[in-house]
Amino acid sequence: MIESSHVLGLLKVVFLVYIAIVVSLIARYAISITKPAKKKFELTAYHGKLFYGWMGLLIFVGVGIHILTFNKIPWVKWDLNRDKIKADKEFNISIADYKFTLPEKTLVIEDGQTVRFNLDSKDYTYGFGLFRDNGSLVFQMQVVPGSTNNLVWKFDKSGTYSIRSTEYSGPKGGNLLVKNAVVVASGPALAQLILENKTQSKTN
Amino acid sequence: MLQVSNLTPLQRVALRFAVVSLLFYGVTILEGMLMRVHQINFDLMDPDHYFAIMGAHPMVGIFGSSFMLVFGAFYFLVPTLTKKTIYSQRLAELTWILMSVGVLIVWLSGFLFRYAALYTNYWPLPVSKEFSPYALGTFAIGNITIMAGIFIFCYNLFATIFHKRDEKEPMWPMLMSALGIDGFINLYRKITRKGTEKEPIMPLPIVAIFRGSVDTILDALVLGGISVIFLYHAAYSLMGTPQSASWFDALIYKNIYWWGLDLIADGLVLIYVAGTWYLLATLISGKKLFMQNIARAALLVELVVSWNVWGHHLLSDQGQPNLMKIVSGEMVTAFELVTMGIAVFITLTTLWQARPLKMTPQLKFLLGGILGFSLGVPAGIIQADLGMNRILHNTQWVIGAHAHMQLLVGLGMTLYAALYTLFPMLTNDVKLKSNALTNFHFWAHLIGGIGMAVAMGFAGMDGMLRRTIYPADATFKTEMIVAAFFGSLMILAYLAMMYNIINSIGIRGLIEIFIKLPALKRKAEPAIQT
Ligand code: HEM
């Protein structure tokens, strides 16, 4: 399944190639414009066609991007249909006074499960983002007080993730980080984690 | 050297705007570099201080520097292009004074009271217990003062465009022309071959200035209105009876606030910029603007588009209806690519007609500005997508590859192109002393701006959030060091430009733009020995 790391990896390449193309086109234009024209410039129907062709290309690219991502990036459909999707697991998380309150110490997810995260803010606008160990972003959403903030995500790879608020909520907002809060696992590792969570909640 | 006594009042007021703008720009980039150094883990300051700087930085940059330079240029250009007298010289003076005082007060709200709800001011953070009523009240008063300056500017500008002191032009055709409706009528006549095309009454740059100013008024109404609410809350808190913040829904507020704020980023900036490009292209090439009816019509489309794109700021807000995300956030926003693309095409073709052109500083900076928007607009279109926004929103990509690319390279270079064009007109032909320094300014700013924006973009793609500090965490240190290197280039570019300008007009000339200094005593002539 396509992950954010694949999309962002591709974006890095596209971004660099795009910069290289645009910079060289403008550089070429800048050099050519200082040279005398081979023949006197005359406006012809060709220039009009070029202009409308250019507009057509821009509309194609502007709208095409959304059609492409709608078809290729899985989380767009999860998001648009999230009210209809039946989740395997649901986590209710609240944030107040610059603290996350998680339903369990570690949010344990089984490989392949579809999860709904319900977020609630008691005071300010926060964010909710899941990050890999190397700091890269899996997904994020805004957590607005008084709003229904939920997101559906399908996990198909074992791993440990941290949670961080992705919205500025004041200078104290930097505390909103829970390292290794989410673990996706399968098999014996999963059983072990579930057991640990159970023991933890009993001792609490 | 500048002879201030020979300047007209219009030249002098435009120069006042320019000087204040350049000084505020210096403050902005200094603040930017302070934040950057902190991001490399030099641990310069506590979070309160860091975020107070982050709150002040865009306010000083946008209102103190960018708006100020644009307003000064337009105060000079509108009467010059329409061949009319300015409606009120006094109001023009009042504009820069109010805006400078307002920006200073906003800056003080951060410096003295650590106000740091940042420029988005999400409800209810500004009115919460996080900031003292003094902090909130000072910010609100500063913002209201800035907005008052903006209203006065727009009033004075509209009054200049439409006043009939100098000629007897009827009002209705002038208004039609300022709105660009005559561009549509001409296009209709051309396509249907019914009737002949008529030369529009208003010069194209005036049409752009008029249209952009409609957005300017609307944005000032929203930001000013919200500041009045802040002031009300601050006043009650000071009286010991803080008001509840629950009367305003956070999501509705966010929609209203972003509607207003986005009229700056996606409205007036793009429209003013298109108008400036068209003006510069015709001045540099000496040719008529290519496809000028389309350009006029496109400016009206751009205005309407700008009222409907704020939804791209709320693509990650799950309470926002999906339809609004798709229509406003994705589809209408995509038209910004089209309107900006039209402006790029028309400008480049107009210049192309006049080959060979000399690569003057104006032309260089103009091309730099076009390059900046050609890189920054698509970066914005990418993040204005439901799929991409989920993994890019609030990362350094947004503020780097998109925002700083547009502000520093796109807008910055365009404003410098205007500055280098207007400099001789405003100073009665004072020549800049060093071409080498102008060249250095160009290259260092261009390379610095693109380099910094790209480094921030990469940090964003690696997961680094905006508005977040990572104490004792070196994950994004490399990207931030690269960004700091390119940022330093921009500081050098600024210093080179300032030195060149001050050296050319003289310190005395610079001061005399604002206050009259006592006349210089002539040196006594040496006695002739016989
Ligand atoms: C050398 C020049 C500059 C440097 C080094 C710089 C640096 C920075 C840094 C480090 C941030 C914080 C990013 C984050 O972590 O969220 C920032 C934010 C910002 N800057 Fe700049 N900047 C520069 C110039 C400018 C200029 C000229 C403007 C406006 C005209 C501007 C507008 C902004 C805005 C709007 C933000 C977002 C603030 C927020 O998130 O609330 N910057 N800049």
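Residue pairs whose Cβ atoms lie under 7 Å apart, sitting 6 or more positions apart in sequence or on different chains, and linking a residue in region B:104-125 that is of a type in the set (S, T, N, Q) to a partner that is at pLDDT 95 or above and not in a helix (DSSP H, G or I), are B:109/B:115.
Residues in region B:390-422 that are within 10 Å of the ligand (Cβ to nearest atom) and either part of a helix (DSSP H, G or I) or away from chain A (no Cβ under 14 Å) (or both): 12 in all. Residue B:49 satisfies every condition listed in (1) more than 14 Å from every other protein chain (Cβ to nearest Cβ); (2) touching a helix residue (DSSP H, G or I) at 6+ places or on another chain (Cβ under 9 Å) except (1). Put simply, of A:142, A:192, A:200 the only residue that is under 30 Å from residue B:132 (Cα atoms) and not hydrophobic (A, V, I, L, M, F, W, C) is A:142. Being assigned to a helix (DSSP H, G or I) and within 27 Å of the chain's Cα centre (by Cα) is a property that residue B:206 has. Look through B:517, B:489, B:510 and report the one residue that is over 23 Å from the mean Cα position of the chain (by Cα) and part of a helix (DSSP H, G or I). Every option except B:510 fails the conditions. Take the conditions surrounded by fewer than 23 Cβ atoms within 10 Å (Cβ to Cβ) and within 8 Å of chain A (Cβ to nearest Cβ) and apply them to residue B:286. Does it pass? So residue B:286 does not fit the description; no.
Any idea which of B:344, B:338, B:377 is within 7 Å of chain A (Cβ to nearest Cβ) and of a type in the set (Val, Ile, Thr)? Give the steps one after another, and end with the answer.
Numbers: B:344 fails: within 7 Å of chain A (Cβ to nearest Cβ); B:377 fails: within 7 Å of chain A (Cβ to nearest Cβ).
The conditions single out B:338.
Go through the residues of region A:74-81 one by one and say whether even a single one is more than 10 Å from every other protein chain (Cβ to nearest Cβ), in contact with a Leu (Cβ under 9 Å, 6 or more places away or on another chain) and either acidic (Asp, Glu) or crowded, with 21+ Cβ neighbours inside 10 Å (or both). No - not one qualifying residue is present in region A:74-81.
Conditions (1) within 14 Å of chain A (Cβ to nearest Cβ); (2) closer than 26 Å to residue B:491 by Cβ; (3) more than 10 Å from the ligand (Cβ to nearest atom), marked per residue:
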{"position": "B:25", "(1), (2), (3)": "no, yes, no"}
{"position": "B:29", "(1), (2), (3)": "no, yes, no"}
{"position": "B:43", "(1), (2), (3)": "yes, yes, yes"}
{"position": "B:83", "(1), (2), (3)": "no, no, yes"}
{"position": "B:95", "(1), (2), (3)": "no, no, yes"}
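Per the listing B:68, B:54, B:33, B:59, the residue uniquely in a helix (DSSP H, G or I), touching a Lys or Arg at 6+ places or on another chain (Cβ under 8 Å), modelled with pLDDT of 95 or more and within 16 Å of the ligand (Cβ to nearest atom) is B:54.
Go through the residues of region B:473-482 one by one and say whether even a single one is among the aliphatic types (A, V, I, L, M), assigned by TED's automatic domain parsing to the domain that holds residue B:36 and under 30 Å from residue B:424 (Cα atoms). Don't jump to the end; show me each part of the working.
Going through region B:473-482, the residues among the aliphatic types (A, V, I, L, M) turn out to be B:474, B:480-482.
So of that shortlist, the ones also assigned by TED's automatic domain parsing to the domain that holds residue B:36 come out as B:474, B:480-482.
Still in the list and also under 30 Å from residue B:424 (Cα atoms): none.
No, because not a single residue in region B:473-482 is among the aliphatic types (A, V, I, L, M), assigned by TED's automatic domain parsing to the domain that holds residue B:36 and under 30 Å from residue B:424 (Cα atoms).
Yes or no, residue by residue, for (1) facing chain B (nearest Cβ under 10 Å); (2) over 20 Å from residue B:459 (Cα atoms):
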{"position": "A:128", "(1), (2)": "yes, no"}
{"position": "A:135", "(1), (2)": "yes, no"}
{"position": "A:142", "(1), (2)": "yes, yes"}
{"position": "A:149", "(1), (2)": "yes, yes"}
{"position": "A:156", "(1), (2)": "no, yes"}
{"position": "A:162", "(1), (2)": "no, no"}
{"position": "A:174", "(1), (2)": "yes, no"}
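Right, residue B:271: surrounded by fewer than 21 Cβ atoms within 10 Å (Cβ to Cβ), part of a helix (DSSP H, G or I) and in contact (Cβ under 8 Å) with a residue 60 or more places away in the chain or not? I'd like the intermediate steps shown before the answer.
Details: surrounded by fewer than 21 Cβ atoms within 10 Å (Cβ to Cβ): no; part of a helix (DSSP H, G or I): yes; in contact (Cβ under 8 Å) with a residue 60 or more places away in the chain: yes.
When the stated conditions are applied, residue B:271 does not pass them.
Take the conditions (1) surrounded by 21 or more Cβ atoms within 10 Å (Cβ to Cβ); (2) in the same structural domain as residue B:264 (by TED's automatic domain parsing); (3) more than 9 Å from the ligand (Cβ to nearest atom); residue B:88 misses just one of them, which is (1).
Name the residue that is farthest from the other protein chains (Cβ to nearest Cβ), counting only residues in region B:491-506 that are away from the ligand (no atom under 16 Å from the Cβ) and among the small types (Gly, Ala, Ser). Lay out the reasoning, then the answer.
Quick first cut of region B:491-506, residues away from the ligand (no atom under 16 Å from the Cβ) only: B:499-506.
Those still in the list that are among the small types (Gly, Ala, Ser) too: B:504, B:506.
Working: B:504: 25, B:506: 33 Å.
Residue satisfying both the conditions and the ranking: B:506.
For the condition within 9 Å of chain A (Cβ to nearest Cβ) and either part of a helix (DSSP H, G or I) or surrounded by fewer than 22 Cβ atoms within 10 Å (Cβ to Cβ) (or both), residue B:349 qualifies.
Is it true that some residue in region B:4-19 is within 11 Å of the ligand (Cβ to nearest atom) and more than 14 Å from chain A (Cβ to nearest Cβ)? So far as region B:4-19 goes, no, none of its residues is within 11 Å of the ligand (Cβ to nearest atom) and more than 14 Å from chain A (Cβ to nearest Cβ). The combined condition, being within 14 Å of chain A (Cβ to nearest Cβ) and either within 14 Å of the ligand (Cβ to nearest atom) or under 30 Å from residue A:167 (Cβ atoms) (or both), is not fulfilled by residue B:448.
The values are calculated or read from the model by the stated rules, or taken from the named source; none is laboratory data. Not measured: the values here are computed from a predicted model. Virtual Cβ from ideal backbone geometry, glycine too; neighbours counted across all protein chains shown.
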